[in-house]
Amino acid sequence: MQQAKLLSLAALAAWGCARPAQSAPAPAPAPAPAPRQEAPPAKTAPGAGAVSAPNSDPFPSTYRPFASRITLIRNATVMTAAGPSLANASVLLRDGKIAAVGANVAAPSDAVVVDGTGKYVTPGIIDTHSHLGVYPAPGVSGNSDGNEATNPVTAQVWAEHSVWPQDPQFPRNLAGGVTTLQVLPGSANLIGGRSVVLKVVPSRTMQGMKFPGAKYGLKMACGENPKRVYANRGPSTRMGNVAGYRSAWIAAEAYRRRWDKWNADHQGDPPTRDLNNETLAEVLRGNIYVHNHCYRADEMAVMIDIAKEFGYSIRSFHHGVEAYKIADLLARDSISASIWADWGGFKMEALDGVQANASIVDRAGARAIIHSDDPSGSQRLNQEAAKAMYAGREVGITVTPDQAIKWVTINPAWALGLQDRIGTLEVGKNADVVLWSGNPFSVYSRAEKVWVDGALLFDRNDPSQRWRTDFELGFVPEVRLPGGAR
Amino acid sequence: MRNLTKAFVVLLAAASVADAQTIAITGGRVYTVSGSTIENGTVVIRDGRITQVGQNVAIPADATRIDAGGKWVTPGLINSSTQLGLVEVGLESTTRDVSARGKDAIAAAFTAWAGFNPSSVLLTPARVEGVTTVLIAPSGGLVAGQAAVLDLVSGSLSDMMVRAPAAMVAQLEDKGSANLGARGEMVVKLRELLEDTRAYARRRVEFERAATRPFVASRLDLDAMIPVLDGRLPLVLEVNRSSEIEEALELASAFGIRIIIAGGAEAWMVADKLAAARVPVVTGAMNNIPQSFNSLGARQENAAILRRAGVDVILVGDSGTGDAETFNVRNVKQEAGNAVAYGMTWDDALRGVTLVPARVLGIADRYGSLEAGKVANVVVWSGDPFEFGTRAEHVIVRGREIATPSRQDLLEQRYRTLPPDYRRP
C-alpha cells in the first residue's frame, strides 16, 4: 500500500513537471488598461501592476496618531540626545509634537501635568534591528515568517508581509520605552528582502503600524549564515557569497537602466517587471537603505568595496562585532554600526566581540547604535547602552551619558533616515517620549510612561489601560497590579 | 556491599601551601550575606581561607592591604547555570561537549566536566566581573547528566573543582529533546527511571547474573541515579509550566528525592506549593515573553513573588537568545539588578547569587558568605555590584587576587589605536 502511494505521488510530481513543456503557460492577463484619450486606439497602455516606478507605495501607511492631550512633564532630568542634559527641566507635548523643552516652559491651564521629580526624560528608544511580528511569540512554526530561505537572493520579499500585529512582544517593547522599530527579514540569505519601519502601537493591520514616509531598508547578510543555509546548493563559501551579491547587483543595474529609460520616455512596451530587481534597483537609485548583517571587519571592508563597485551606500552594518577594528573606515564612509553591548562567541565570526565596541566606534567618529536582534534585549536597550558606555571607561574612553543616549535614539533614527522627525527632544519633532523612574542607565530604572506622537500609550501605574494583544486574551494571565509586584 | 561512593565523588578544594598569601581588605562596607552588613569592616584572608571578618580586627603584619574605603565587599558571585568550558563556540559542534547521546535520551552517567576545556577564553571574562564560582551543567535529552561546581582559578580541572557531582540535570520542558511524543510522557519516563534505579540498587547481584527484568537505562546510568534516589544528589528539573512544576513536586514527594526547579517561568503561580515543599527555583528576572505555550505566564516579577512566598530563589540568566551560559555568564549581575527592579529585595537578590546557590549545591560550608573558615572568594566593588557603572576592582579567588586580562581585554587594547600593531600586546 505504501509503495502504491509513493508511486502515485511520483506520477503526480512528474506530471506537474512535464506540464509546462506540453503547453507554455499563458501570460497573466494584464489589468484592464486605463482609457487614455490621447493614445491611438491601437496602443494599449500598461496597467499600474506592470510598471516598475520609483518610490511606489502599494501598501501605504494608515497610521494616525492616537488621541493626545497637551502634556507638560516638569522637574525632570531631560536627556535631549541633542546636547547636554537639562536638570529640573520641562518638556511640553502638544499636537503630537515637542512644543517646548527647557527650564521655564509655560503650559496652558488645561495641560496634563506630570511631575518628573527624581525622574528622567528621554526620546523614545529606537531599535534598528528587530524581528518582532515576523518571528513572534510564541515561537511556533505556524508563525515563523522571518526567513524566506528558499533562494540566496530574495529581494522580492517584504518583511511587512510577514508582520503579525498581534505579536505579544510588541506591548512589551513599548513598556521598555521603544517607540520605533525596524523589522527586518532574517539573515539566511545574501539578500533577504525589504525591511519595514514600524511604530510600536496597537493596530489591526501592519499598515496601521507603519511609520509614515519612512524609507524601506534592504537586508543583506555576510558570512556564516548564508553559506551554512545554502551549503548544498551554493553559496557554500564566503567567496561564493561575494559572487552572489555581485551577480545580483549586475542584474539590478541592467534592470534599473531599462526602467529609468522607459519611465523617462515611455517608448514602446515597458520592460517586464520583476520584484527582486525592482527592490535592488531602488537601492541603486538611493531610495532604499542598505542594512548589512556582517560580523567580521575584513568582510565589512569587502562589502564597502562592493557598494562602491555598484554605486550604492551602506547605511548601517548590523551586529558588526568587529566594528571596532575598522572604526576609522566606518567614520570615513559615514556608515553606522548597529551593534550589541556584549554579545559574542556564539559562532566563529562572533568570536572577537568586545564590550568596548560601541565606545571605540563612537570615539572614531562613526555613529554607534545599540541594537537588539532579540525581543528581550530590545526591551532593555537602555541597559544595553549602559553596559557599552561603561565598558569604554575600562579602556580609557570616556563616554558621557549624554553621548550614550544617542546610541539608542538619534543615531538609530539616522540609520532609518528619520533623524529630522524622531530621536531627539527638540521642538518640532514627533513627541515620542519616555519618562523613566530614574537614570535610564541604572539597572533599577524602568520606563514609567511612554508617549507616541504625544499620546500616552504606556503607563506602568495604570494597568487598566495596558495594551493587550489578541493573542494574550485568554492565553496569558492578566496581571493588573500597579507597577508590577510592588 | 553497596558500592555507592564510586558514583558520588566529592572533590574538596584545598589551597596548596604554594598559594599561601595573606590579604587584609580594610575599610569597606562588608556584605557578609550570612550576617549583618559591616560598615568600615575588615576581611582577613590567609592561606586561601577567610580568617576574620569584623570591625575591630587585628591585621597580620605580613598582610597585603587592600584599601576598600568607600567600596563594597561581597562574596564572589556564583552563577548556577553555565556551560563554561563545555561550549566554546556555540555553532561549532567540535567545541560543543554539553549534550551526551545517552541511551533513549537518558545520560545520567554523563559527567559533563569530563570534557571540560580549561583553556576556554570564556572563564576570565566571568571572573573579571566578579563571578568566581560556577555550576557547569549538561543539557539535552530527558536526563542530561551530572553538573559540577568549579572555582574560576587558572589551572587544570582538578585545580578548579569544588564539587562533582553537584546535581543531576533533567528536564520536563522539551519532549522533542527527550525523544518522546507527549509532554506527559516525560514524567512517566522519569518515574520509570527512578523505579528501575530502585530495583537495580536492591537487586545488583541478580542484575550482574542477568536475572532481572530489563531496565530502562544502562548500568552506568542506573548507578548514577542512585544518589538522586537516596536524596543525596539534587535533581535539577527544567520546567516552566505551572501544572508541570506541580507534577515535578509530586514526583519528588513520591520518591523522596530532592529537586530544584530550573527555568520555572510560571513558578509564581504555584509559589505556595514550592515553598511548602521547600523546593528551590533557579530562574532569571528578565524573562517576560510568552515564548512557548508552556511559558505563557512568564513575568519579570517571578523571582520576587517566589521569594515573598518563602521559596529559595537562585538567580541566573535565562532570557533571550543571547549567551547567558557562556559569553555572558557575567550578566548574572544584571539579572539580580532586574530582580530588584521588579520587586525582590536587594539583600535577597545578593543571596540569590551567593549563599542560596551555595546551600542548594551543597557547598555552603565553604562558599556563599564572608565568614571565618570559608574559602576566600571575595570581590571588592567600586559600588553596588548590580549597577552597570560598578567595577569589580579586586577579585580574589581561593585567597589570591587574580587580575589576568581576558582575551576581550587584549583585543580592546590592540585596537584602541588603528591600524593595530600586531606585535602587541
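Nothing in this text is a laboratory measurement; each read-out follows from the coordinates by a stated rule. Every value quoted in this text rests on a predicted model; they were computed, and no experiment measured them. Backbone-built Cβ (ideal geometry, glycine too); neighbour counts: all protein chains shown.
Values for this structure:
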quantity	calculated
Surface/4 of the Cα convex hull for chain A, nm²	29.9
Karplus-derived 3J(HN,Hα), 6.51/-1.76/1.60, for each residue of the range A:254-268, Hz, glycine and proline x	4, 4, 4, 5, 4, 6, 4, 5, 5, 5, 7, 10, 6, 8, x
Between helix B:332-341 and chain B: long-axis angle, C-alpha atoms, 0 to 90°, nearest 10	90
Largest to smallest principal axis extent of the C-alpha atoms in the protein assembly as shown, angstrom	104, 85, 61
Compactness of chain B - radius of gyration and Dmax, Cα, Å	21.9, 73
Angle between chain A longest axis and helix A:297-310 axis [Cα atoms, degrees, rounded to 10]	60
Residue A:113 long-range amide H proximity, modeled H, under 5 Å	A:72
Coordinate range along principal axes, alpha carbons of the range B:287-417, Å, largest first	46, 44, 25
Fraction of antiparallel bridges per DSSP, chain B only, in percent to nearest 5	55
Estimated inter-spin distance, residue B:93 and residue B:195, nm [label 7 Å along Cα→Cβ]	3.6
Phi-based couplings in Hz for the range A:84-101 (Karplus 6.51, -1.76, 1.60; Gly and Pro marked x)	x, 4, 10, 7, 6, 10, 10, 10, 10, 10, 9, 6, x, 10, 6, 9, 6, 9
Using alpha-carbon coordinates, inclination of helix A:381-394 to the longest axis of chain A, degrees	70
Value at 222 nm in deg cm²/dmol, rounded to 500, when DSSP H runs of n ≥ 4 in chain B each add -39,500 (n - 2.57)	-6500 deg cm²/dmol
Fraction of alpha-carbon pairs over 22 Å apart in the range A:289-389 - percent	23
Nearby aspartates and glutamates by direct alpha-carbon distance to residue A:215 (threshold 14 angstrom, same-chain neighbours under 8 apart not counted)	A:57, A:160, A:282, A:420
Cα radius of gyration and Dmax for the range A:204-269 (Å)	17.8, 45
Loop-located chymotrypsin sites (Phe, Trp or Tyr not before Pro) in the range B:311-409 whose Cβ has at most 11 other Cβ within 10 Å (DSSP)	none
Antiparallel content of DSSP bridges confined to the protein assembly as shown, in %, to 5	55
